Amino acid sequence: MRVLVTRRWPEEVERALQDRFEVVLNHADRALSLAELAQAMGEVDVICPTVSDRIDAEVIGGGDRVKLIANYGVGFDHIDLAAAKAKGIAVSNTPGVLTDATADIAMTLLLMAARRAGQAERELRAGHWRGWRPTHLIGSSLKDKVLGLVGMGRIAVATARRARHGFGMRIAYYARRQCDPAIAEELGAEFHPELRGLLGASDFVSLHVPGGAETANLIDAAALAAMKPGSYLINTARGGIVDHDALADALRTGHLAGAGLDVYPHEPHVPEALLSLENAVLLPHLGSANIETRIAMGMKALANIEAFAQAQPLPDRIA
Ligand code: 8YV
């Protein structure tokens, strides 16, 4: 079987893949164009894309050889599942292995925003630090503050655990249905059946819903207005969930005290309006970026390809 890996993976997983299959690697590690992806559909049996590859209907229609799309990552809003299904192409992802890493980045952003860490480091590196003083770069504490989670899947729960048990925060969430009662009890989590209710009750809001049409601009100007004055928005999910012009306005007026973002609607483009705002912490999609996680993601993709090669059910089939 011929397998295309669209971006470089950690060496050990590339090697593990090469031990079993004929592998086409992207040595230059640049994002492939839509035309190159479309062409690959006719040249390999399996394609392993990442979030930086748009696998839309046109790409999928580019050839008839690919039978499995083994996504390197848990989110799959960059893949047209209906188009894949229509061509009988199976799709898998890598759930579970990046939960802790992403929850760590959510907490990193939350702490950085609350304690103004990005702004502070920029000031120091620019040589503008005038020495210690009681009113210098004062932020917000986390203890007893309400962390409102939008979505209550694996990453939300892992973030809530860190916030609750590590930082003494109170937990609230909005989701389509209530979470496992044991988890709700462990976290003392308060369920909000309406998004607006959660937004109005939270000091920090952290987004944990999938991207795609259903959640596009879920956090728009009206939702931002419903957030508490002086609260913070954290996004480690997908950029399209937030209206970034409205967010920039809310940060500029001070309605929001800060935001911590790891994801953007059209990566690697970062909405211009955010770049000059001191109260925006901006990371370049680092959610799963630790070596243990990136190896585990590759191994999970590999497990799905192996199952596929042996005509076994895929462990992480999404379509
Ligand atoms: C991944 C992510 O690194 O898994 C996801 O959905 O957002 C990231 O942490 C990226 O998607 C790789 O494709």
Of all strands (runs of 3 or more DSSP E) fully inside the range 159-245, the set with 2 or more residues that are closer than 27 Å to N93 by Cβ and at pLDDT 95 or above is 170-174, 204-207, 231-235
Would you check which residues across the range 256-271 are of a type outside the set (A, V, I, L, M, F, W, C) and either outside the structural domain of I138 (by TED's automatic domain parsing) or over 17 Å from R116 (Cβ atoms) (or both) and list them?
-> D262, Y264, P265, H266, E267, P268, H269, P271
If you go through the range 117-129 one residue at a time, do you hit one that is away from the ligand (no atom under 16 Å from the Cβ), part of a loop (DSSP other than H, G, I, E, B), free of Cβ contacts under 8 Å to residues at least 40 places away in the same chain and within 25 Å of the chain's Cα centre (by Cα)?
-> no
Working only within the range 33-61, note down all residues that are surrounded by fewer than 20 Cβ atoms within 10 Å (Cβ to Cβ) and more than 16 Å from the ligand (Cβ to nearest atom).
-> S33, L34, A35, E36, A38, Q39, G42, E43, D45, A57, E58, G61
Selected residue [under 22 Å from T99 (Cα atoms), crowded, with 20+ Cβ neighbours inside 10 Å and outside the structural domain of F76 (by TED's automatic domain parsing)] from L224, L207, L247, L198 | L207
Some residue of the range 105-113 being at pLDDT 95 or above, within 16 Å of the ligand (Cβ to nearest atom) and either in the same structural domain as A303 (by TED's automatic domain parsing) or surrounded by fewer than 16 Cβ atoms within 10 Å (Cβ to Cβ) (or both) = no
Residue hits (the range 12-56; among the β-branched types (V, I, T) and under 26 Å from G287 (Cβ atoms)) are V13, V23, V46, I47, T50, V51, I55
Between a first residue in the range 62-78 that is touching a residue at least 40 places away in the same chain (Cβ under 8 Å) and a second residue that is within 12 Å of the ligand (Cβ to nearest atom) and in a strand (DSSP E or B), which pairs have beta carbons less than 7 Å apart while being 6 or more apart in sequence or on different chains?
-> A70/C48; N71/I79; Y72/C48
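The values are calculated or read from the model by the stated rules, or taken from the named source; none is laboratory data. Here the structure is a predicted model, which is why all the values come from computation and not from measurement. Note that we place each Cβ from the backbone using ideal geometry, even for glycine, and neighbour counts take in every protein chain shown.
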